[in-house]
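Below is one structure, written out as structure tokens; the observations come after it.
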Amino acid sequence: MNNAAAPENRRDFTPLLGKSFLTPLYDRAIGIFTRENLWRQKIVEHLHLAPGDRVIDVGSGTGTLLKALMTDCPEAGLIGVEPDPAALAIARRKFGAGADLIKWHNGFLGNLELPKGWRPNKIVSSLVLHQVPLREKQAILETIETLLVPGGTVLIADYMKQDSHLMRALFRATVQSLDGVSDTQPSADGEVEKLFAEIFSEPRLLDRIPTVTGAISLWRGYKKGIAQ
Ligand SMILES: C[S@@+](CC[C@H](N)C(=O)[O-])C[C@H]1O[C@@H](n2cnc3c(N)ncnc32)[C@H](O)[C@@H]1O
């Protein structure tokens with residue numbers, strides 16, 4: 001697939017680790033503090049990619065998940081949606097010559113122009129929703145539902161409900177100290193699960209992984225209206 005980046009970054013976004021100057025440390029920090037291999041591998045397993053699948057990664061960051069997806073199924077079509085040009089540059093470097101096999105959209109999901117005749121049957125997003133305001137969490141989930149083909153699958157891995165004293169304390173001391181409280185607290189209080197259940201059919205918690213930065217939950221749902 002051709003690369004067709006379309007910069008249109010007039011809206012705000014929270015950088016990878018909350019502050020732009022920390023961006024070069026992102027991959028190392030996620031690797032050390034979030035049990036990254038475990039939850040990324042679970043995403044890959046639950047997505048069941050097959051040749052011909054068309055996948056969007058919302059907030060693709062430094063491209064680590066896209067890399068795992070491409071390794072799992074090189075014949076799947078992949079789009080990375082990412083508003084931060086610094087993150088996108090790291091992602092492209094990570095892919096080297098393979099970067100042009102992915103369509104990179106430097107912007108937001110709502111502004112994504114799909115290639116002609118191309119609609120996603122799978123959409124994934126990891127560690128994005130906790131960083132954005134509540135109304136943006138809802139807008140992203142609703143846009144995902146709209147974009148998916150009938151019967152299409154969504155998988156979200158993120159800091160959602162922190163349901164023990166320990167997880168809440170760890171989340172507060174790490175993620176909230178970097179990303180702030182106003183956008184992250186609704187996630188820690190379980191608001192994303194509520195939105196997810198309203199917007200998608202058959203919402204299912206596949207896993208909840210405790211980490212030293214709080215619990216990361218993996219949820220699956222389907223576009224509404226079509227039985228699986
Ligand atoms: C913590 S990083 C996660 C990156 C990547 N998904 C991963 O798993 O490593 C959050 C990413 O979401 C992006 N982002 C922030 N606001 C966004 C929005 N409204 N829509 C899409 N991506 C957004 C940020 O630029 C950042 O790259």
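Here, each number is a calculation from the coordinates, and none is a lab measurement. All values reported here derive from a predicted model rather than from experimental measurement. Cβ atoms come from the backbone with ideal geometry, glycine included; neighbour counts cover every protein chain shown.
Across the stretch 124-139, in residue order, what do the Karplus-derived ³J(HN,Hα) couplings come to in whole Hz, using 6.51 cos²θ - 1.76 cosθ + 1.60 with θ = phi - 60° and x for Gly and Pro?
Those phi angles translate into 10, 8, 10, 6, 10, 4, 5, 8, 10, x, 4, 5, 6, 4, 5, 4 Hz.
Ignoring everything except DSSP H segments at least 4 long, calculate the 222 nm mean residue ellipticity for the chain; use -39,500 (n - 2.57) per segment, divide by total residues, nearest 500.
-10000 deg cm²/dmol
Of Pro85, Ile144, Val181, which is farthest along the charge dipole of the chain in the positive direction, counting Lys and Arg as +1 and Asp and Glu as -1 at C-beta?
Pro85
Which residues' amide hydrogens lie under 5 Å from the amide hydrogen of Leu78, considering only partners 5 or more residues apart or on another chain, with H built in the peptide plane?
Amide H neighbours of Leu78: Val55, Lys103.
Taking the Cβ of Val175 as the centre, find all other residues whose Cβ is under 12 Å away and add up their charges (Lys, Arg: +1; Asp, Glu: -1).
Once all neighbours under 12 Å are counted, the net charge is -1.
Please list, ordered by chain and number, the residues whose modelled amide H lies under 5 Å from the amide H of Lys122; skip anything fewer than 5 residues away on the same chain.
Sorted by chain and number, the residues that satisfy this are Arg54, Ile56, Thr153.
Once the other residues with Cβ under 10 Å from the Cβ of Ala99 are scored (Lys, Arg +1; Asp, Glu -1), what is the net sum?
Overall, the nearby charge balance is +2.
For Asn121, what charge total do you get from the other residues with a beta carbon under 10 Å from its beta carbon, if Lys and Arg give +1 and Asp and Glu give -1?
Summing Lys/Arg as +1 and Asp/Glu as -1 gives +3.
With the Cα gyration tensor of the chain in hand, give its eigenvalues times 5 under a square root as the equivalent ellipsoid semi-axes, listed largest first in whole angstrom.
25, 21, 17
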